[in-house]
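Data first, discussion second: the structure below is written as structure tokens.
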2 protein chains.
Amino acid sequence: MFTNCPSSTTSSHLIHLNRRNGAFLPRGCISQLSLRTTACGRGCTLSIRSSSFPSMIVIDGKAEARKIRDVITIDVLRMKESIGVVPVILPENSSEEDVILVQLPLPSHMDEQNIVNAVSIEKDVDGFHPLNIGRLAMRGREPLLVPRTPKGCIELLHRYNIEIIGKRAVVIGRSNIVGMPAALLLQREDATVTIIHSRTKNPEELTRQADIIISAVGEPNMVRGSWIKPGAVVIDVGIKRVEDPSAAHGYRWVGDVCYEEASKVASAITPVPGGVGPMTIAMLLSNTFTSAKRFHNF
Amino acid sequence: MFTNCPSSTTSSHLIHLNRRNGAFLPRGCISQLSLRTTACGRGCTLSIRSSSFPSMIVIDGKAEARKIRDVITIDVLRMKESIGVVPVILPENSSEEDVILVQLPLPSHMDEQNIVNAVSIEKDVDGFHPLNIGRLAMRGREPLLVPRTPKGCIELLHRYNIEIIGKRAVVIGRSNIVGMPAALLLQREDATVTIIHSRTKNPEELTRQADIIISAVGEPNMVRGSWIKPGAVVIDVGIKRVEDPSAAHGYRWVGDVCYEEASKVASAITPVPGGVGPMTIAMLLSNTFTSAKRFHNF
């Protein structure tokens, strides 16, 4: 486990972002960029010179999550006005019969197994029901709900207009809750996806081929700058508490990706914290609301 | 579409098959090989000189399928003797109530939708139920039945002792019935899997990285010799009828892989016909019997 990753890489290079061939235009960031549009249509080229602008865009999960929560808040109010129902976090004095949407952990007096077994696929707000995962994997089928963390990752790519179709994507980690569904989601969006896991022999070499990297291992600073193709987009799902006497609380949160190195190579990266984490929470709200709407035919 | 693929490749090279690093020992073929075992344990090296032995092994799906069918025949007889039940192909005069196992197409007087909707996951002999696919995708879950064609592909790899753990595998095609479940199966066996599809930009380059190639596209001779890493194992699922006035019936069956070229580069390859096809039928029998055993608690 690396907890430090000092780097000697410099960030003086020029990164060309091509709208057609894999680049992105973060919403709300356009005004901050100096656009040098060449005489072309769909293939116009943006140049971001690191001397005047950061060569790398920090994907602000916190800000995007706030926007999503704001939209959901308005929708929930509309639902309340219309049918008098709101999805709520269960208070401690609820009965098992009150449960219409399950998100673990439950209040302590409830039998988790009873309730989880009784959950229909429509109320599987975590999207972990095998029937949901099966539908996620299959072409021509739609899952009712998508696991929130991978959904949050893809949502960030969309919100930053990062092209996925035809891109090489590498997902590091194959857990049921993040890696595997993230790979299935990327596959659904026509990326060419490789899953890297503990038995993969050359993770660094394979990761370096990727245009989009989603890392969900939980191994601090595992993905170094040398693993990243210049211009790649990095979504860091990992988050671990690492002792750090110099930090305010004696620890700090560290992702799978050595941010210091990666931010000098990648074209866009999610910070830890403040990247995928807030999106995970927003996607849970989104799934819960979707589920409640379906339950009440709203 | 290529229907011919003449090649100028020669087959004079020596292929080293290393038991540990990606090689295989076909069951029943050991006596045909000249073994030069070096002084080592698990890492011993077999050398097959193409001048005296074929440098490439033809994976005989027909022979393996026959062995599987023979074992199932004995098991079915044992079931009949024990509980008086045999799984059967439905005769034309059956009623809808007779159906306990479904494999399409059904006799014409039956309502396919009625029956398919009524099929429980335990009787899904094709393994296409999303719940089965979901379980196939998830770690720690077991599908009740696995789609027969991809199951047949993996069964061939096992029967020829081809190592899968840690190998780079490429699946060409992402259909619900072959490509996607084949990728999930390889993933379950700890391969590092990439799915190549119509939106993949560099299929040739990616395929050339693979130790194991499963092609399931249905495009005759699409995978050329140049796509294959020397020593790779090639499983060709594709099968298309191609006009050929010189052939006995005016046509011949052609796979996705240009066999003439591939057989000079690969270490093992399935022929078309006689490779995956017979295994698909054997795996359907196997799934049907497994399903019947489960239904009757046998």
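The values are calculated or read from the model by the stated rules, or taken from the named source; none is laboratory data. Every value quoted in this text rests on a predicted model; they were computed, and no experiment measured them. Here Cβ is always computed from backbone atoms with ideal geometry, including for glycine, and neighbour counts include all displayed protein chains.
Looking at (1) touching a strand residue (DSSP E or B) at 6+ places or on another chain (Cβ under 6 Å); (2) within 14 Å of another protein chain (Cβ to nearest Cβ); (3) in a helix (DSSP H, G or I), find the lone condition where B:Ile133 falls short. Answer for B:Ile133: the failing condition is (1).
Here B:Arg241 meets the list (1) part of a strand (DSSP E or B); (2) under 20 Å from B:His158 (Cα atoms); (3) over 16 Å from the mean Cα position of the chain (by Cα) almost entirely, failing just condition (2). Of all the listed residues (B:Ser226, B:Ser198), the sole one being outside any helix (DSSP H, G or I) and not acidic (Asp, Glu) is B:Ser198. Out of everything in the range A:229-238 that is assigned to a loop (DSSP other than H, G, I, E, B) and hydrophobic (A, V, I, L, M, F, W, C), what residue ends up being farthest from A:Tyr160 (Cα to Cα)? Residue satisfying both the conditions and the ranking: A:Val237. So, A:Arg241, is that one more than 14 Å from chain B (Cβ to nearest Cβ), touching a strand residue (DSSP E or B) at 6+ places or on another chain (Cβ under 6 Å) and surrounded by fewer than 21 Cβ atoms within 10 Å (Cβ to Cβ) or not? So A:Arg241 fits the description; yes.
Among residues belonging to the range A:161-171 that are in contact with a helix residue (DSSP H, G or I) (Cβ under 7 Å, 6 or more places away or on another chain) and of a type in the set (Val, Ile, Thr), point out the one that is surrounded by the most Cβ atoms within 10 Å (Cβ to Cβ). Looking at residues that are in contact with a helix residue (DSSP H, G or I) (Cβ under 7 Å, 6 or more places away or on another chain) and of a type in the set (Val, Ile, Thr), I get A:Val171. Selection of the range B:150-181 for residues being closer than 16 Å to B:Thr290 by Cβ and either of a type in the set (S, T, N, Q) or away from every other protein chain (no Cβ under 14 Å) (or both) yields B:Lys151, B:Gly152, B:Ile154, B:Glu155. Within the range B:201-211, the residues that satisfy the criterion of being in a loop (DSSP other than H, G, I, E, B) and farther than 17 Å from B:Thr270 by Cα are B:Lys201, B:Asn202, B:Arg208, B:Gln209. When the range B:126-149 is limited to residues that are without any contact (Cβ under 8 Å) to a residue 12 or more places away in the chain and in contact with a His (Cβ under 9 Å, 6 or more places away or on another chain), the one that is farthest from B:Phe295 (Cα to Cα) turns out to be B:Gly134.
Scan the range A:182-216 for residues that are without any contact (Cβ under 8 Å) to a residue 60 or more places away in the chain, away from chain B (no Cβ under 14 Å) and in contact with a helix residue (DSSP H, G or I) (Cβ under 8 Å, 6 or more places away or on another chain) and jot them down. A:Ile213 - this is the single residue of the range A:182-216 that is without any contact (Cβ under 8 Å) to a residue 60 or more places away in the chain, away from chain B (no Cβ under 14 Å) and in contact with a helix residue (DSSP H, G or I) (Cβ under 8 Å, 6 or more places away or on another chain). Kindly indicate whether B:Met110 is more than 14 Å from chain A (Cβ to nearest Cβ) and at pLDDT 85 or above. Judged against the criteria, B:Met110 is not a match. Within the range B:212-224, the residues that satisfy the criterion of being buried (at least 23 other Cβ atoms within 10 Å of the Cβ) and closer than 15 Å to B:Val265 by Cα are B:Ile212, B:Ile213, B:Val223.
Quick check on A:Arg139: is it touching a Lys or Arg at 6+ places or on another chain (Cβ under 8 Å) and within 9 Å of chain B (Cβ to nearest Cβ)? Yes: the conditions hold for A:Arg139. Once the range B:247-264 is narrowed to residues that are of a type outside the set (D, E, K, R) and not in a loop (DSSP other than H, G, I, E, B), the residue that is surrounded by the fewest Cβ atoms within 10 Å (Cβ to Cβ) is B:Tyr251.
Residues of the range B:135-157 that are among the hydrophobic types (A, V, I, L, M, F, W, C) and under 15 Å from A:Asn132 (Cα atoms): B:Leu136, B:Ala137, B:Met138. Checking the structure you have, find out if any residue of the range B:198-206 is in contact with a Lys or Arg (Cβ under 6 Å, 6 or more places away or on another chain) and of a type in the set (Lys, Arg). No: the range B:198-206 contains no residue that is in contact with a Lys or Arg (Cβ under 6 Å, 6 or more places away or on another chain) and of a type in the set (Lys, Arg). Checked against (1) assigned to a loop (DSSP other than H, G, I, E, B); (2) under 18 Å from A:Thr192 (Cα atoms); (3) not hydrophobic (A, V, I, L, M, F, W, C), B:Asp190 passes all but condition (2). Residues in the range B:265-290 that are surrounded by fewer than 22 Cβ atoms within 10 Å (Cβ to Cβ) and over 17 Å from the mean Cα position of the chain (by Cα): 2 in all.
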